[in-house]
Amino acid sequence: MDSLPIPSPDAPEHSALVRAALRAQARARPELLGGLAAGVEGLREALDWSAQGVGADETACVWLGDLRWARALGLSPEEAAPVPPEAWWEPEVARLAPADFAERHPLLARALCAGDMPYPARTPFTELADDTFLPRLAVLPLHPREGLEQLGQLAVNLTALTHGHPEALAAGLVIVLHRRALIGLGAEEAEALGDAGDGADPQHRAPAQLRERARRRVLELLSPRDPGGSAPSAGLLASYGATGATRSGLARILAAAPLSAAVLADPDAAPTAQDRGGDEVPGCVRALARELTGPAPQRPGCDPGDGGTEADTEARSEAEFAAPSEAAQSPTAWAELASTDQSAEQLADRLTERWVESVRRWWEVWGTPGR
């Protein structure tokens, strides 16, 4: 089984990495804070159950979080949907959510109200291919599970809760694995440089070189073991059910998404505005291209904390770079924006604290000796 260990939950670096990841996501897309909370809290709940020796479906836990998000937005889930107890984060998400959320994101709003939990092989949302699922995956690269196959499968499952388009499933898979590879390879490099005693600071390593190593690592993982084998006969939905958490199964997911596969193979040459047929490239593919070509995530010592950096800009969607209206440039509007960013970071910090606490409890029970 392929793996890339991350810093131990007991190490200060772990909590710093989590905080940096969640803060960056909260600042980039504050209107999607509910997705961030649903992902972190759902996965955290599953870890808590596991620490007690009780199995829990991680995807189902996150889906319940999505239903809470829908409730916080004032949406009405379908009658068949379960009604989870109110979570501590719902009032804050409701307060910060834009009043016109459903108008801004009509397909996402409909997906959040699904009465049955969607699966990659059983989803009514095959047209959803933007990048609004990414907040749900923000903490996943720092999940304590080591197996990259299982981590990749979980990324696909969580993406499919609202986005069933093959390109979205593949983009979510690659982004999570790439971020995990950046963290894992960065940790390995820091240890190697420390052992070498050459005085080099791994935090100052050229980010493009580390990013390229991570991209090659993911490309290797998602390359079919049998290049001469038969291709999926009827696309992703027909072939997914029997794949399971295996390298070949994950490779099929990527093979069903030609645009995402092209970006992973050559991020600089792949189309990110229009494909060869002239159609607009989905937002999830553009997000993947930014992931593979943008600046590397800040190491804990370089955590932007209160100021924001170019990395935050890379994470924002293109829509947020539209020229602001006169009203948006007013002092009142800027003050409201600053207040929203601060509240979003505060929520991210609270999510970080709860995540780290749960991961440490889980680690005490299931952590690998000697790591």
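Here is how the numbers come out for the structure above:
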| item | result |
| --- | --- |
| Spans of helices (runs of 4 or more DSSP H) in region 258-371 with at least 2 residues modelled with pLDDT of 95 or more and basic (Lys, Arg) | 331-366 |
| Of all residues making up region 45-98, the number that are under 20 Å from Thr352 (Cβ atoms) and not in a helix (DSSP H, G or I) | 3 |
| Near pairs, Cβ below 9 angstrom, 6+ apart or cross-chain, from region 214-232 (farther than 19 Å from Ala181 by Cβ) to any residue that is at pLDDT 95 or above and in a loop (DSSP other than H, G, I, E, B) | Pro232/Ala256 |
| Candidate set: region 222-243, residues that are at pLDDT 55 or above and surrounded by fewer than 20 Cβ atoms within 10 Å (Cβ to Cβ); chosen: the one nearest to the chain's Cα centre (by Cα) | Ser223 |
| Test for Leu33: is it part of a helix (DSSP H, G or I), hydrophobic (A, V, I, L, M, F, W, C) and closer than 23 Å to Glu291 by Cβ | yes |
| Any hit, region 39-62, residues being under 30 Å from Gly367 (Cβ atoms), touching a His at 6+ places or on another chain (Cβ under 8 Å), crowded, with 17+ Cβ neighbours inside 10 Å and modelled with pLDDT of 95 or more | yes |
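The values are calculated or read from the model by the stated rules, or taken from the named source; none is laboratory data. Keep in mind the model is a prediction, meaning the values are calculated, not measured. Virtual Cβ from ideal backbone geometry, glycine too; neighbours counted across all protein chains shown.
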